[in-house]
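Asker: Here it is: the structure, laid out below.
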Amino acid sequence: PKRALRLCDAILTPDEQHWLHGLSEDEAARRLTLLFSAKESLYKAINPLTRTYFGFQDARITEYAQDGWLTLQLLRDLSDTYRSGMEFPCLWTPYGHGMLTLVYLAA
């Protein structure tokens, strides 16, 4: 948990950090792991299509539900197809000691 929380500023935008407020250290680390995994899934889904690097600060979580879904929003243009403001649904579930996330890109 301490290592995960040290990475918070690199993974979450200042606006997203409220997703961790009021949580225990362990629960905040689990939530941060989820948000990291979701953003990484978005990167792995879009990067092969755009060949454009983007980092954790270039997307944000706009919705979060404890029942296994969240929404990610791009904060910058990556191509003519993937533009700033686009939102992507993400399903998630705890898996072992981590999280399993799946981002959906509309065809």
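Asker: Does S84 satisfy the condition of being in a loop (DSSP other than H, G, I, E, B), at pLDDT 95 or above and either out of contact with any strand residue (DSSP E or B) (no Cβ under 9 Å at 6 or more places or on another chain) or closer than 14 Å to A38 by Cβ (or both)? Break it down stepwise before answering.
Answerer: Numbers: in a loop (DSSP other than H, G, I, E, B): yes; at pLDDT 95 or above: yes; either out of contact with any strand residue (DSSP E or B) (no Cβ under 9 Å at 6 or more places or on another chain) or closer than 14 Å to A38 by Cβ (or both): no.
No: the conditions fail for S84.
Asker: Of everything in segment 9-39, what is open to solvent by 50 Å² or more (accessible area, probe 1.4 Å) and either touching a Leu at 6+ places or on another chain (Cβ under 8 Å) or among the acidic types (D, E) (or both)? Give them in sequence order.
Answerer: D9, D15, E25, D26, E27, F36
Asker: I want to confirm something. Restricting to segment 40-83 and keeping residues that are touching a helix residue (DSSP H, G or I) at 6+ places or on another chain (Cβ under 9 Å) and among the small types (G, A, S), which single residue is surrounded by the most Cβ atoms within 10 Å (Cβ to Cβ)?
Answerer: Within segment 40-83, the match that is surrounded by the most Cβ atoms within 10 Å (Cβ to Cβ) is A59.
Asker: Which pairs do you get when a residue that is farther than 15 Å from N47 by Cα, found in segment 80-92, comes within reach of a residue that is open to solvent by 40 Å² or more (accessible area, probe 1.4 Å) and assigned to a loop (DSSP other than H, G, I, E, B), reach meaning Cβ atoms under 6 angstrom, with the pair 6+ apart or on two chains?
Answerer: P89/Y104
The values are calculated or read from the model by the stated rules, or taken from the named source; none is laboratory data. Please read all numbers here as calculations on a predicted model, not as lab measurements. Backbone-built Cβ (ideal geometry, glycine too); neighbour counts: all protein chains shown. Surface accessibility is based on the protein's heavy atoms, side chains included, excluding ligands, DNA and RNA. Shrake-Rupley method; radii C 1.70, N 1.55, O 1.52, S 1.80 Å.
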